[in-house]
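The values are calculated or read from the model by the stated rules, or taken from the named source; none is laboratory data. As the structure is a computational prediction, the values presented were derived from the model and not from experiment. FYI the Cβ positions are ideal-geometry reconstructions off the backbone, even for glycines, and counts take in every protein chain you see. The protein model used for the area step is the full one, side chains on, heavy atoms only, and it has no ligands, DNA or RNA in it. Shrake-Rupley method; radii C 1.70, N 1.55, O 1.52, S 1.80 Å.
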Amino acid sequence: MTSTHTVASADGTAIAYDRYTPRNPNPAGGIVVLVGGAFSYRKFPKMVQLAEMLADEQGLTVVLHDRRGRGDSGDSPGRHDCAQEIDDLAAVVAAEGGSAALFGWSSGAVLALRAAASGRIPGIERVVAFEPPFVVDRTRHVPPTDLAATLHRLVAEDRRGETVRYFMTKAMGIPSPFVGLMRITPMWSKLTAVAPSTAHDWAVMADHMRGEPLDPADWAGVEVPVLVVSGGRSEALLRTAARAATAALPDARHVEIAKLSHNPKVPLLVAAVDGFLTGRAAGEDPQPGASAPTRA
């Protein structure tokens, strides 16, 4: 069963979310809040599939929200601060009883980890971080130092197509020809609809996209277990980031799924976290094609 709700964040911004209630609740289960990445929103098909599978197959109550600036949630034009999105998560968790696990995807994984590190949501129980896109060395793409200024200008001028192209090529490192091909697909209108929200993504990610190693001191506040998931078919930058995040976090385990990519087959992603969200140690029964969790 799915129901839709709205909660006010600390600054009054309305945050919309859907609650997926399992038909057969897991006695060891609880609530998990899904945190989407750049250009994602709560009706994004793979996020919906992930929510449904976690509810139906693992018996979890799943909360899937529109991050600010997307879908039915409000925005704070001209104000982009990671603390705002942590406040949004805090409001959602409080509305759902005060405790929950977080499951973040891409920039949403970085937001989930930063929320846990902040200590401002005491009810966070554990975190799944699926391919946080940290840039921890200079062997591959490193975003330009003036990215925020250019991105904020494009957003302020409501140049949505240019915003999408700029963020994808300069922040995410996607080759320009590939982005050009996307412009002629039905997906493009969905991307431009949420283009202004990329400034919020950058506020979350910028400090950890400089091509520098992660500092464990930045993550010392993450006092809950973390499962870092990466895909064997994902870019090397993302696999490197997953290993670096695992090493920097106080209590983290890493699992890499051979046939998984950053645009994942959701059943593989769900299998990778089986048991972890209900409190069983990750990796007790690795799925076929999965590496054993490591501290790498």
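Pick from Arg243, Arg233: which is in a loop (DSSP other than H, G, I, E, B), open to solvent by 10 Å² or more (accessible area, probe 1.4 Å) and free of Cβ contacts under 8 Å to residues at least 60 places away in the same chain?
On the way: Arg243 fails: in a loop (DSSP other than H, G, I, E, B).
That would be Arg233, the only listed residue that is in a loop (DSSP other than H, G, I, E, B), open to solvent by 10 Å² or more (accessible area, probe 1.4 Å) and free of Cβ contacts under 8 Å to residues at least 60 places away in the same chain.
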**Report entry** Answer from Met209, Met182, Met205 - the residue that is farther than 17 Å from Asp81 by Cα and out of contact with any Lys or Arg (no Cβ under 6 Å at 6 or more places or on another chain)
**Finding:** Met182
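Hey, among Arg183, Arg159, Arg165, which residue is touching a helix residue (DSSP H, G or I) at 6+ places or on another chain (Cβ under 9 Å), at pLDDT below 95 and over 30 Å from Val32 (Cβ atoms)?
Numbers: Arg159 fails: at pLDDT below 95; Arg165 fails: at pLDDT below 95.
Selected residue: Arg183, the only one of Arg183, Arg159, Arg165 that is touching a helix residue (DSSP H, G or I) at 6+ places or on another chain (Cβ under 9 Å), at pLDDT below 95 and over 30 Å from Val32 (Cβ atoms).
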Query raised in the report: Hey, does region 23-32 have a residue that's under 16 Å from Val93 (Cα atoms), among the aliphatic types (A, V, I, L, M) and either in contact (Cβ under 8 Å) with a residue 60 or more places away in the chain or open to solvent by 30 Å² or more (accessible area, probe 1.4 Å) (or both)?
Result: yes
Query raised in the report: Which of the residues that make up region 225-257 are within 21 Å of Val32 (Cα to Cα) and basic (Lys, Arg)?
Result: Arg253
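Going by the conditions given, is Val35 modelled with pLDDT of 95 or more and open to solvent by 10 Å² or more (accessible area, probe 1.4 Å)? Step through it out loud before you land on a result.
Details: modelled with pLDDT of 95 or more: yes; open to solvent by 10 Å² or more (accessible area, probe 1.4 Å): no.
For Val35, the condition - modelled with pLDDT of 95 or more and open to solvent by 10 Å² or more (accessible area, probe 1.4 Å) - is not met.
In region 40-60, how many are part of a loop (DSSP other than H, G, I, E, B), in contact with a helix residue (DSSP H, G or I) (Cβ under 9 Å, 6 or more places away or on another chain) and open to solvent by 20 Å² or more (accessible area, probe 1.4 Å)? I'd like the intermediate steps shown before the answer.
Kept after step one, since they are part of a loop (DSSP other than H, G, I, E, B), are these residues of region 40-60: 40-44, 59-60.
Right, trim to in contact with a helix residue (DSSP H, G or I) (Cβ under 9 Å, 6 or more places away or on another chain) and you get 40-42, 44, 59-60.
If we keep only those that are open to solvent by 20 Å² or more (accessible area, probe 1.4 Å) too, we end up with 41, 44.
So the count comes out to 2.
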Requested in this report: Scan Val32, Val93, Val110, Val63 and give me the residue that is in a strand (DSSP E or B), closer than 22 Å to Trp219 by Cα and among the β-branched types (Val, Ile, Thr).
Outcome: Val32
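Give Val155, Val204, Val164, Val179 a once-over and let me know the one that is in a helix (DSSP H, G or I), touching a Cys at 6+ places or on another chain (Cβ under 8 Å) and either aliphatic (A, V, I, L, M) or within 30 Å of Gly275 (Cα to Cα) (or both).
Working: Val155 fails: touching a Cys at 6+ places or on another chain (Cβ under 8 Å); Val164 fails: touching a Cys at 6+ places or on another chain (Cβ under 8 Å); Val179 fails: touching a Cys at 6+ places or on another chain (Cβ under 8 Å).
After ruling out the rest, the residue left standing is Val204.
Quick one: which residue in Arg19, Arg68 is open to solvent by less than 10 Å² (accessible area, probe 1.4 Å) and of a type in the set (D, E, K, R)? Steps first, answer last, please.
Working: Arg19 fails: open to solvent by less than 10 Å² (accessible area, probe 1.4 Å).
The match here is Arg68.
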Requested in this report: Hey, can you tell me all the residues within region 88-126 that are within 20 Å of Gly279 (Cβ to Cβ) and of a type in the set (Val, Ile, Thr)?
Outcome: Val93, Ile121, Ile124
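The rows are residues; the columns are (1) under 15 Å from the mean Cα position of the chain (by Cα); (2) in contact (Cβ under 8 Å) with a residue 12 or more places away in the chain; (3) farther than 19 Å from Pro225 by Cα; (4) open to solvent by 30 Å² or more (accessible area, probe 1.4 Å).
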{"position": "Glu85", "(1), (2), (3), (4)": "yes, yes, yes, no"}
{"position": "Asp88", "(1), (2), (3), (4)": "yes, yes, yes, no"}
{"position": "Phe103", "(1), (2), (3), (4)": "yes, yes, no, no"}
{"position": "Ser106", "(1), (2), (3), (4)": "yes, yes, no, no"}
{"position": "Ala116", "(1), (2), (3), (4)": "yes, yes, no, no"}
{"position": "Gly123", "(1), (2), (3), (4)": "no, yes, no, no"}
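Return the residues of region 127-160 that are among the charged types (D, E, K, R), on the phi < 0 side of the Ramachandran plot and surrounded by 15 or more Cβ atoms within 10 Å (Cβ to Cβ); say none if nothing qualifies. Steps first, please.
Of region 127-160, the ones among the charged types (D, E, K, R) are 131, 137-138, 140, 146, 153, 157-160.
With on the phi < 0 side of the Ramachandran plot added as a condition, the list becomes 137-138, 140, 146, 153, 157, 159-160.
Within region 127-160, Arg159, Arg160 meet the criteria.
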